[in-house]
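Scroll down for the structure; my scribbles are underneath it.
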């Protein structure tokens with residue numbers, strides 16, 4: 001059955017035919033619970049989805065009050081009494097068609113229908129099982145909060161609201177996905193976000209006509225620029241405090257029900273090197289850590305390719321001692337340097353993927369055993385040289401210093417390796433120019449991905465090249481002492 005066949009169909013006033021239509025649309029699903037009863041002298045039915053609501057809540061807040069309703073003349077008077085005289089739940093949407101009825105029903109609401117009424121009353125009594133709030137797995141920190149987003153969208157909204165109590169924080173729920181009917185929420189500070197940006201994001205979301213929305217990957221292509229981009233111009237975070245900082249800066253966030261990540265629009269390249277702990281330590285230490293991340297990014301992308309290019313095409317750049325060590329280590333290797341490097345990097349990616357997909361008790365052991373045994377055996381047999389294995393391992397480990405960029409770093413590492421192996425330093429330089437052009441051309445809704453580096457903004461360097469203190473940042477770049485000078 002197609003969604004459009006029933007979604008906009010009005011609710012039938014005859015209770016018996018109404019229940020038959022509901023059963024027909026649901027296909028006789030066993031988790032659909034229908035309880036027929038008489039309320040105020042009117043034949044009614046209460047619908048709910050098994051496992052989606054709290055039995056105690058629905059008994060105390062719905063069943064008991066409805067059983068004590070005095071006799072009414074007709075169903076219109078009954079519904080008016082329930083809506084105006086009884087506070088059965090805080091959230092009480094009204095369904096006027098079967099599409100809204102089933103969406104609220106499958107969201108954990110109890111739905112009341114009555115003889116002679118072409119609408120249905122829904123009561124929020126959700127009580128489905130959910131994962132508790134825990135520490136984020138991918139954005140660990142030392143000094144910050146240890147709360148992360150969960151899969152329930154309304155819980156995530158409350159985590160944001162707890163930190164931003166401003167009335168200017170706006171959250172708007174909407175539904176996407178013809179089959180999944182997934183709740184999504186757009187969050188922004190109405191005094192910070194440009195109206196043009198907000199309208200453009202909404203227009204991009206209107207173009208999304210998917211049957212289901214099950215992860216952030218379903219949504220991000222629609223809110224990013226359509227041309228080829230090496231780096232994503234939208235970001236994700238599973239930390240409420242990080243998201244709140246982005247909202248204060250004038251960004252827009254998208255929450256998806258069932259996904260413990262929020263999408264941040266737009267995203268800047270420099271933000272991948274910033275963490276919440278940067279603002280908890282002294283500025284000089286935070287600046288030091290930030291530059292380590294910049295260096296690790298360059299090492300992860302360029303180190304294997306530079307090694308291959310120099311050792312193959314430009315050995316004159318090495319001193320005699322280092323050159324002799326490399327010649328001796330590569331003397332027994334049967335393969336070319338580029339082939340060895342590609343084999344090592346691909347072998348590592350296979351081990352990493354196996355460790356991720358296997359169950360946790362087994363995955364860690366497989367990764368460690370595979371790395372030790374295969375790596376040691378490859379070196380001892382002479383298939384791979386020790387310097388190459390060391391260089392590759394250092395590059396791979398450096399890629400995890402900036403975890404959000406790791407997928408792109410992995411592909412760039414292989415691309416630069418091939419360019420360096422075929423054309424030497426010239427090939428690396430040529431590919432580097434192409435990558436820089438692509439990064440500088442990346443933008444979303446008029447916001448350059450490389451800002452504040454390109455276009456250059458001197459004020460933005462206070463939290464990009466270095467991490468200045470909050471006194472300087474709050475005073476527009478001047479301390480009190482400097483002002484007096």
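Values quoted throughout were computed directly from the atomic coordinates according to the rules given, and no laboratory measurement underlies them. Worth saying up front: this structure is predicted, and the values here are computed from it rather than measured. Glycine also receives a Cβ, built like all others from the backbone with ideal geometry; neighbour counts cover every protein chain displayed.
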May I ask you to derive the relative contact order of the chain, considering only C-alpha pairs under 8 Å and at least 6 residues apart, and to give it as an integer percent? 12 percent
Considering the Cα positions of the chain, please state its Rg to one decimal place and its Dmax as a whole number of Å. 29.5, 102
Extension gain residue 339-residue 376, at 0.36 nm per residue separation less the Cα-Cα distance, in nm? 11.5 nm
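Once the Cβ-Cβ distance between residue 461 and residue 192 is put in as r, and R0 is 25 Å, what FRET efficiency do you end up with, to the nearest 0.05?
Working: r = 22 Å, r/R0 = 0.86.
Rounded to the nearest 0.05, the efficiency is 0.70.
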For a distance above 19 Å, tell me the whole-number percent of Cα pairs in the range 82-218 that qualify. 65 percent
Can you give me the P(r) profile for the range 144-200? Cα pairs, bins 10 angstrom wide beginning at 0, each as a whole percent. 19, 43, 32, 6
With the Cα gyration tensor of the range 279-444 in hand, convert its eigenvalues to equivalent ellipsoid semi-axes via √(5λ) and list them largest first in whole Å. 26, 24, 16
So how far, in whole Å, is the C-alpha centre of the range 206-285 from the one of the range 447-473? 19 Å
When the Debye formula is applied to the Cα atoms of the range 39-92, each taken as the same point scatterer, what base-10 log of I(q)/I(0) results at q = 0.18 Å⁻¹? -0.63
Under the 7 Å Cα-to-Cβ spin-label approximation, residue 14 and residue 418 lie apart by a distance in nanometres of 6.7 nm
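Pop the C-beta distance of residue 383 and residue 174 into the FRET formula with R0 = 56 Å and round what comes out to the nearest 0.05.
Numbers: r = 56 Å, r/R0 = 1.00.
E(calc), rounded to 0.05, equals 0.50.
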Contour minus Cα-Cα span, residue 205 to residue 400, at 0.36 nm per residue, comes to 67.0 nm
Calculate log10 I(q)/I(0) of the range 153-267 for q = 0.13, 0.15, 0.21 Å⁻¹, where I(q) comes from the Debye formula with a single equal point scatterer on each Cα and nothing for solvent. -0.45, -0.61, -1.24
The range 3-124, relative contact order [Cα under 8 Å, separation at least 6], %: 36 percent
Inter-part gap, Cα centre of the range 1-80 to Cα centre of the range 100-122, in whole angstrom, is 6 Å
How big is the Cα convex hull of the range 3-124 in projection, averaged over all directions, in nm²? 6.7 nm²
Helix 386-399: angle to the longest alpha-carbon principal axis of the chain, degrees 0 to 90, nearest 10? 30 degrees
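Stretched out fully, how many nm does the piece from residue 30 to residue 70 gain, at 0.36 nm a residue minus the Cα gap? Show your work: numbers first, answer last.
Working: separation 40, 0.36 × 40 = 14.40 nm, distance 3.29 nm.
Length gained, residue 30 through residue 70: 11.1 nm.
Determine, from the Cβ-Cβ distance of residue 295 and residue 332 and an R0 of 30 Å, the FRET efficiency 1/(1 + (r/R0)^6), rounded to the nearest 0.05. Don't skip to the end; give the middle numbers.
Numbers: r = 33 Å, r/R0 = 1.09.
It comes to 0.35.
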Sketch the reach of a paramagnetic label on residue 77 as a point 7 Å from Cα along Cα-to-Cβ, and name the residues of the range 27-67 whose backbone nitrogen lies under 16 Å away. 39-43
